[in-house]
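See below for the structure under consideration.
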Amino acid sequence: MTYIFVAVSAIVPSLLLMWYFHRRDLFREPARDLWLVFAGGVVIVLPVLALAGLADLAIRDIASPLAHGLAAAFLQAAIPEELFKLVVLWLAARRAAFDEPIDGVVYGVAASLGFATLENVLYVANGGFPVALTRAVTAVPSHAFLGAIMGFYVSRARFDPDRRTEWLWLALGIPVVLHGVYDWPLLAAARVGQTGGGSQPLILALLSIAPVVVVGEWIAAVRLTRGLRRAQIDGLPAGERPAAQSRGERWSSLALTAGGGVVASLGGLVSLGGFAVVIAGGAGGRTMAEAIAALLLAGVTPTLIGVALFLWGLRRLNEPHGRAAPARRAG
């Protein structure tokens, strides 16, 4: 039972990120196509794990923690994961529903989060609540942002056949580099800790790199998505266009959305993890009623507040002055 609840907690960040990018598309994608691509992301976990196992045989004798971390980051994670995600996304690009550039971002996020969700459940099943907590605010968002970046370039390849090969190489190369740079310091720090080959300041310095990379990915993904949405709006008749936001309004809306998403994810992790503890009989000397009341206060309440902030910020992004653009695809 504990494993079930901890696994469910790993899904919350993915659902929020899927909702964000899906709602940023002015003409929403069919749910069937979206979840099919998500399922494709889940399926590719198997071949990625197989390639990662082969890569481990090749790099296990590398003595240097920094070199081992670098090899593992690219050969076991970045290259196989982004390659298979690109395959799923390119197959999605051939479907009839993929008919405008922003669709690449939406489907790219879906494929990435399908992969990240199952990967997260596997990690969390082994590592429990601490792993769920750290991955909820780092690894899962990173996958989503890389999917958005990849999807941007896949859209270029889809609608610019004369430069298709160039755009596809960028769709693969940029996410691979960013993914590898994110994973390398984490894997190197873990290796340093295992071998005792470095100091505490070195480990802390390595661990500080990953959040910087995630923030950079977030900014890039948001800017690319905003540009594609702006192109959608510019294609509407003047009377149907939603009002433009000022820079301050846009950033405050993004802050609400991002902050609400983080609060909701952490609240979900606390509530689900705490509920699993209660179910397992670990109420810590409290009565069941007291334990459930504490759980509601510490977990469920922040989750509801976070979701409300997330939806408020997203609504402000999409309908800055209460005027919605049409949500259905023409024709």
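Read the figures in this text as sums done on the coordinates, not as results from a lab. The structure displayed is predicted, hence computed values, not measured ones. FYI the Cβ positions are ideal-geometry reconstructions off the backbone, even for glycines, and counts take in every protein chain you see.
Using every pair of separate Cα atoms, the Kirkwood estimate puts the hydrodynamic radius of the stretch 148-256 at 17.0 angstrom.
Take 75-84, 224-233 and order them by the average number of nearby Cβ atoms within 10 Å per residue, most first; the result is 75-84, 224-233.
Label-to-label distance for A67 and L46 is 3.7 nm, based on points extended 7 Å past Cα in the beta-carbon direction.
Subtracting the Cα-Cα distance of R32 and R95 from 0.36 nm times their residue separation leaves 21.5 nm of extension gain.
Could you calculate the FRET efficiency of A308 with V212 from 1/(1 + (r/R0)^6), where r is the beta carbon distance between them and R0 is 25 Å, rounded to 0.05? The calculated FRET efficiency here is 0.25.
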